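Reviewing the structure listed below.
The values are calculated or read from the model by the stated rules, or taken from the named source; none is laboratory data. For clarity, every value in this text was computed on a predicted model and none was experimentally measured. With ideal geometry, Cβ positions are generated from the backbone for all residues, glycine too; neighbour counts draw on all protein chains shown.
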């Protein structure tokens, strides 16, 4: 579905990514871990089409990524909501860009807000929402445009622990329902193991994919409380300690 092949990216003399390759299958999830400054966010920007690689290729469904597209939804750490628009209009924004008529896009936006527990909050503005509610609006906006791929850059890092875990559960439930593959960046090993079918570690300078873990327990009931979950968390922490 997503194919990244031998991608390099450099800013001036700063070589950030070196021959990075990965494949993300349809209905699969990958979480990327790595130290600050290793190029995790840069990789998401390249996949989104916001920036171009210096060499290598990125394709989605066999089509080369050359510019931003409504086929790719991007959830940011700071939610990325427009403060002057209501929740309804924030969620409907991608549909408006696609040229979908107002009645249809409002119906779709209301449904996604309802799915994420925000029924009755359509006319509110982001400023009156909690951080967790704002991130729910951002998730609703991402899914409303029916993307082929979802990108997330530390989407829950600014939230308290309980809200963060609740939204992780919400994301998994949305993935089970809609089957949209996602590529997520985080600094949290626990979050990576909970949300990733595969977990990759970027390290070194320039960064390369140094580790690739399969996560067979992903999305199983009560996985967060299982021995398999904690075993993988411990293994990744050990390997990270050896890499940096």
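Numerical summary
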{"item": "Yes/no for residue 202 being at pLDDT 95 or above, within 30 Å of residue 11 (Cβ to Cβ), crowded, with 18+ Cβ neighbours inside 10 Å and in contact with a helix residue (DSSP H, G or I) (Cβ under 9 Å, 6 or more places away or on another chain)", "result": "yes"}
{"item": "Test for residue 125: is it touching a helix residue (DSSP H, G or I) at 6+ places or on another chain (Cβ under 9 Å) and surrounded by 22 or more Cβ atoms within 10 Å (Cβ to Cβ)", "result": "no"}
{"item": "Single unsatisfied condition, residue 13 versus (1) in contact with a strand residue (DSSP E or B) (Cβ under 9 Å, 6 or more places away or on another chain); (2) loosely packed, with under 14 Cβ neighbours inside 10 Å; (3) modelled with pLDDT under 95", "result": "(1)"}
{"item": "The range 151-185, residues that are touching a strand residue (DSSP E or B) at 6+ places or on another chain (Cβ under 8 Å) and either assigned by TED's automatic domain parsing to the domain that holds residue 96 or part of a loop (DSSP other than H, G, I, E, B) (or both)", "result": "154, 155, 180, 181"}
{"item": "Test: residue in the range 5-25 that is in contact with a helix residue (DSSP H, G or I) (Cβ under 6 Å, 6 or more places away or on another chain) and in a helix (DSSP H, G or I)", "result": "no"}
{"item": "Of all residues making up the range 16-43, the number that are surrounded by 13 or more Cβ atoms within 10 Å (Cβ to Cβ) and in contact with a strand residue (DSSP E or B) (Cβ under 6 Å, 6 or more places away or on another chain)", "result": "19"}
